[in-house]
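I have a structure I would like to understand better, so I am pasting it below and will then ask my questions one at a time.
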Amino acid sequence: MMYYRRALELQAFLDMAQDDDLMEGYKAIELNEDQMKGERSLWAQCQAVADMKFTYVVSCQLYGIHKRSGDQRAQDILRLMTTYPSMRVAYIDEIEEPSKDRSKKVNPKAYYSTLVKAALPNSHSTEPGQNLDQVIYRIKLPGPAILGEGKPENQNHAIIFTRGEGLQTIDMNQDNYMEEALKVRNLLQEFLKKHDGVRFPTILGLREHIFTGSVSSLAWFMSNQETSFVTIGQRLLANPLKVRFHYGHPDIFDRLFHLTRGGISKASKIINLSEDIFAGFNSTLREGNVTHHEYIQVGKGRDVGLNQISIFEAKIANGNGEQTLSRDLYRLGHRFDYFRMLSCYFTTIGFYFSTLITVLTVYVFLYGRLYLVLSGLEEGLSNEPAIKDNKPLQVALASQSFVQIGFLMALPMMMEIGLEKGFRTALSEFILMQLQLAPVFFTFSLGTKTHYYGRTLLHGGAKYRPTGRGFVVFHAKFADNYRFYSRSHFVKGLELMILLLVYQIFGQEYRGAVAYILITVSMWFMVGTWLFAPFLFNPSGFEWQKIVDDWTDWNKWISNRGGIGVPPEKSWESWWEEEQEHLRHSGIRGIVAEILLSFRFFIYQYGLVYHLKITLKNQSFLVYGASWLVIILVLFVMKAISVGRRKFSANLQLVFRLIKGLIFLTFVATLVILMTLLHMTPKDMVVCILAFLPTGWGMLLIAQALKPVVRRAGFWGSVQTLARGYEIVMGLLLFTPVAFLAWFPFVSEFQTRMLFNQAFSRGLQISRILGGQRKDRSSRNKD
């Protein structure tokens with residue numbers, strides 16, 4: 001960012017230099033500065049002009065704490081300030097002030113908003129023990145400054161230390177270039193021009209250059225997606241739609257306009273999670289004008305790992321959920337004209353709402369098919385002449401599947417690459433993206449957006465998720481992937497898989513294979529993507545040794561007991577309790593909606609028990625009642641084993657094992673009787689599993705929603721045991737195919753080639769060889 005100052009110095013030199021100085025060049029005056037004494041040197045004049053026009057304030061609220069604790073990060077910041085004397089650091093200082101009331105043992109804390117600069121060699125710091133920085137301003141605050149979201153509060157406390165008319169907000173993952181810094185003088189002139197013929201701009205939007213696209217295929221997809229949004233996307237929003245807001249870091253604000261209208265950041269907890277866009281809402285509501293300029297750009301680093309990308313998308317989806325509930329968007333909708341209102345909807349929350357509706361449509365479609373196939377309506381309809389050979393319907397179903405697979409998400413990227421590099425390059429890159437499984441990534445992110453947006457609408461409680469934005473390409477453990485994607489993807493993927501299996505089992509007798517494939521191919525693709533994409537995009541995800549380590553780690557995590565102070569990464573119980581946190585803060589409507597949605601899992605049992613051969617096609621309601629007796633009996637046995645383990649496992653191990661053996665023998669005997677006397681088939685067993693597993697999960701969800709009631713009744717321990725059983729089954733279903741593929745070495749090689757470009761692949765191979773050599777050498781030394 002200090003290139004801005006260098007550019008100003010160079011431009012000042014070109015404005016003020018005489019012909020002789022110009023011939024000597026800019027570098028020469030910098031070197032000759034010490035020799036020129038007496039009159040004020042040209043170099044000093046250039047620096048003075050730069051100091052008048054440019055200040056760089058870094059807002060680092062923890063700098064004071066780091067400085068006192070001797071943290072290395074404080075030393076790094078000091079080094080930066082010393083290297084760049086015009087750089088300033090703003091931080092919140094906490095000081096214990098002596099209390100006037102001597103009876104109080106603890107001194108009250110005073111909070112100061114402080115601005116420091118690097119101290120000159122001959123100056124002395126105002127703070128004892130610190131001779132490297134010097135306090136410029138110290139403003140006493142009425143209390144702790146970070147009350148709301150961290151980043152906007154950090155901006156709000158530091159904005160008082162900025163000056164001038166233009167204010168550019170820059171984030172930690174930004175980069176800058178000298179040639180771009182030279183254009184800022186031209187850019188600032190845009191503030192003096194009425195772009196819409198009515199108002200002067202209040203926010204100047206800049207395009208961004210994503211420089212992390214070459215790290216991996218995921219980084220490339222994100223880079224292309226982001227590039228298309230910050231170029232043709234924002235260009236369209238600014239003109240002609242007139243609904244561009246503030247989407248992040250490099251935009252330049254009219255400082256005086258925004259300081260007198262509530263600042264550049266809204267910082268209320270939860271509701272202002274996506275704090276950037278609220279600055280745009282604020283500016284537009286107060287008759288501001290937001291423009292977009294593409295002749296200048298700022299560098300930007302994007303997330304490069306799947307977990308980082310998913311955390312970022314979860315944060316954005318949560319933020320959009322909160323925007324949907326905010327009064328800012330409500331006011332904009334009321335005050336815009338009809339076309340601008342529609343444009344505003346389409347470019348903010350509309351995308352997420354449409355995504356939610358798309359996924360809900362898949363659910364409604366499959367549950368509708370489930371009803372048709374279990375009630376026998378589909379078989380009756382398939383014999384109707386009007387439906388039997390309905391080619392247009394099959395074609396429509398086939399075409400929509402291609403749309404759902406995720407090709408449409410790549411179209412804006414193709415347009416942007418085509419405009420910048422030519423359409424032949426765009427086509428070749430599009431084909432390469434398909435080969436590197438871009439549709440898998442985009443379908444997976446569809447699930448992330450849907451889950452977090454939907455959950456925020458139902459229950460609220462969105463929270464900031466730090467992604468780190470580090471250059472991380474490392475192997476994520478199976479337990480980490482399970483923790484993060486369990487509720488958003490794995491549970492939903494397994495539910496859709498059960499729906500598709502039931503639809504296949506009971507409809508295959510009268511339905512053709514082609515019709516089934518055309519109807520369900522996109523849904524099977526979605527299921528496969530939601531269940532296995534995290535492992536497919538996980539570096540070294542199919543290496544056998546990593547798989548063995550992951551399995552050990554998973555077993556340790558799932559069996560560890562939770563409790564106060566035990567983090568979710570160490571224990572399944574702690575993670576499970578944290579996963580229900582959103583229900584604690586939800587209102588009555590959210591809880592009721594959660595319970596009503598959970599009732600869908602009881603449909604399977606009601607429909608499937610009448611299709612068992614042992615029921616002898618009996619349509620009586622008693623059959624359904626008997627199925628509930630079976631569930632109650634199974635739950636009773638599980639409760640008895642759990643109580644037995646607590647009471648007998650320590651002292652009477654033999655008795656406990658005998659009881660477990662008897663229960664197992666009884667179960668086997670019951671199965672044999674059912675198969676011999678009532679002619680129960682293996683298909684019936686599969687149908688029983690498909691009927692009863694969803695019922696148990698539905699009961700679990702209802703118990704979690706009614707946690708206070710269940711806990712008072714004393715059943716919470718049983719709910720926890722049942723939940724752990726379900727998690728173990730889900731973990732096994734996901735882990736088994738991954739472990740099977742890890743047996744074959746070529747799978748790991750293929751994955752590495754797919755994920756990383758060739759140079760990086762070579763680097764990985766070399767690091768693996770070196771790692772092996774290092775291990776051999778250490779083992780040799782031990783010998």
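The values are calculated or read from the model by the stated rules, or taken from the named source; none is laboratory data. Computed from a predicted structure; not experimentally measured. Positions of Cβ are generated from backbone atoms using ideal geometry, with glycine treated the same way; all protein chains shown enter the neighbour counts. Keep in mind that these areas ignore ligands, DNA and RNA; they rest on the heavy atoms of the full protein, side chains included. Shrake-Rupley method; radii C 1.70, N 1.55, O 1.52, S 1.80 Å.
Using only the heavy atoms of the protein chains and a 1.4 Å probe, how would MET52, MET172 rank by accessible area, largest first?
Most to least solvent-accessible, the answer reads MET172, MET52.
Right, another one. In the set [x] 45, 40, 27; [y] 56, 30, 23; [z] 57, 33, 28, which value of semi-axes √(5λ) of the Cα gyration tensor in Å was calculated from the structure you see?
Step by step, semi-axes √(5λ) of the Cα gyration tensor in Å for this structure corresponds to label [z].
Which helices, taking whole DSSP H runs in the chain, have alpha carbons extending 20 angstrom or more along the helix axis plus mean Kyte-Doolittle at least 1.0?
Length and hydropathy pass: 349-375, 491-507, 513-536, 621-648, 653-677, 682-705, 716-742.
A further question on this structure: Compare VAL440, VAL634 by solvent-accessible area with a 1.4 Å probe and give them largest first, with all protein chains kept in place.
VAL634, VAL440
Between segment 484-499 and segment 348-363, what is the C-alpha centre distance in whole Å?
17
Next question. Could you tell me which of the pairs LYS477/LYS683; LYS315/LYS546; LYS117/LYS151; LYS421/LYS492; LYS67/LYS477; LYS492/LYS613 are separated by over 32 angstrom between their Cα atoms in the structure shown?
LYS477/LYS683; LYS421/LYS492; LYS67/LYS477
While we're on this one: How much accessible area does GLU97 have with a 1.4 Å probe, in Å² rounded to the nearest 10?
Approximately 60 Å² for this residue.
Of all DSSP beta bridges located in the chain, what percent are antiparallel, nearest 5?
65
Can you tell me the order of 325-336, 271-282, 134-145 when each peptide is scored by its average per-residue count of other Cβ atoms within 10 angstrom, highest first?
Per-residue mean Cβ counts within 10 Å order the peptides as 271-282, 325-336, 134-145.
Send over the semi-axes of segment 537-656's equivalent ellipsoid, whole angstrom and largest first, taken as the square roots of 5 times the C-alpha gyration tensor eigenvalues.
The three semi-axes for segment 537-656 are 35, 25, 21 Å.
Next question, about the same structure. Non-local amide H neighbours of VAL473 (under 5 Å, H modeled in plane, Pro and chain starts lacking H): which ones?
Long-range HN contacts for VAL473: none found.
Skipping prolines and chain starts, which residues have an amide H placed within reach, meaning under 5 Å, of the one on ILE136, given they are 5 or more residues away or on another chain?
LEU115, VAL116, LYS117
Separate question: Picking from LEU256, LEU734, PHE336, whose Cα lies most toward the positive end of the charge dipole for the chain (charges on Cβ: Lys, Arg +1; Asp, Glu -1)?
Farthest towards the positive pole: LEU734.
With unit charges on the beta carbons (Lys and Arg positive, Asp and Glu negative) and the dipole taken about the Cα centre of segment 471-531, which residue among LEU499, LEU518, ALA479 sits farthest to the positive side?
After comparing all options, I get ALA479.
Let me ask something else. With the other protein chains left in place, how much accessible area per residue, in square angstrom, belongs to the chain at a 1.4 angstrom probe?
On a per-residue basis, the chain sits at 53 Å².
So, one more: Using 0.36 nm per residue, how much length does the chain from THR358 to TYR610 gain when fully extended, once their Cα-Cα distance is taken away?
So the chain would gain 87.5 nm between THR358 and TYR610.
How much accessible surface area, in Å² rounded to 10, belongs to the heavy atoms of TRP544 with a 1.4 Å probe?
For TRP544, solvent-accessible area is about 110 Å².
Got a number for the accessible area of SER718? Probe 1.4 Å, square angstrom, nearest 10.
30
Of the listed pairs LYS27/LYS193; LYS639/LYS707; LYS463/LYS556; LYS140/LYS242; LYS53/LYS269, which have alpha-carbon separations greater than 30 Å here?
Beyond 30 Å: LYS27/LYS193; LYS140/LYS242; LYS53/LYS269.
Any chance you could run the full-extension gain for ASN186 through ILE641? It's 0.36 nm times the residue separation minus the Cα-Cα distance, nm to one decimal.
Gain in length upon complete extension: 156.1 nm.
Along segment 247-262, what does the Karplus equation 6.51 cos²θ - 1.76 cosθ + 1.60 (θ = phi - 60°) give for ³J(HN,Hα), rounded to whole Hz, x for Gly and Pro?
9, x, 6, x, 4, 9, 9, 6, 4, 5, 4, 7, 5, 8, 10, x
Using R₀ = 60 Å, calculate the FRET efficiency as 1/(1 + (r/R₀)^6) where r is the Cβ-Cβ separation of LEU671 and ILE431; round to 0.05.
Calculated value: 0.70.
For the pair GLN72 and GLN545, what calculated FRET efficiency results from E = 1/(1 + (r/R0)^6), where r is the Cβ-Cβ distance and R0 = 56 Å, to the nearest 0.05?
Step by step, r from the Cβ atoms, then E = 0.95.
Relative contact order for the chain: what is it in percent, counting Cα pairs under 8 Å that are at least 6 residues apart?
10
Here's a follow-up. Starting from 0.36 nm per residue, how many nanometres of slack lie between VAL592 and ASN176 once their C-alpha separation is accounted for?
Length difference between fully extended and current span is 144.7 nm.
Please list, in chain and number order, the residues 5+ apart from HIS209 or on another chain whose amide H is under 5 Å from its amide H, with Hs placed from the backbone.
Residues meeting the criterion, in which the H sits 1.01 Å from N, are VAL298, GLY299, LYS300.
Still on this model: Would you list MET16, MET23, MET222 from the most to the least accessible area, probe 1.4 Å?
Sorted descending by solvent-accessible area, the residues read MET23, MET16, MET222.
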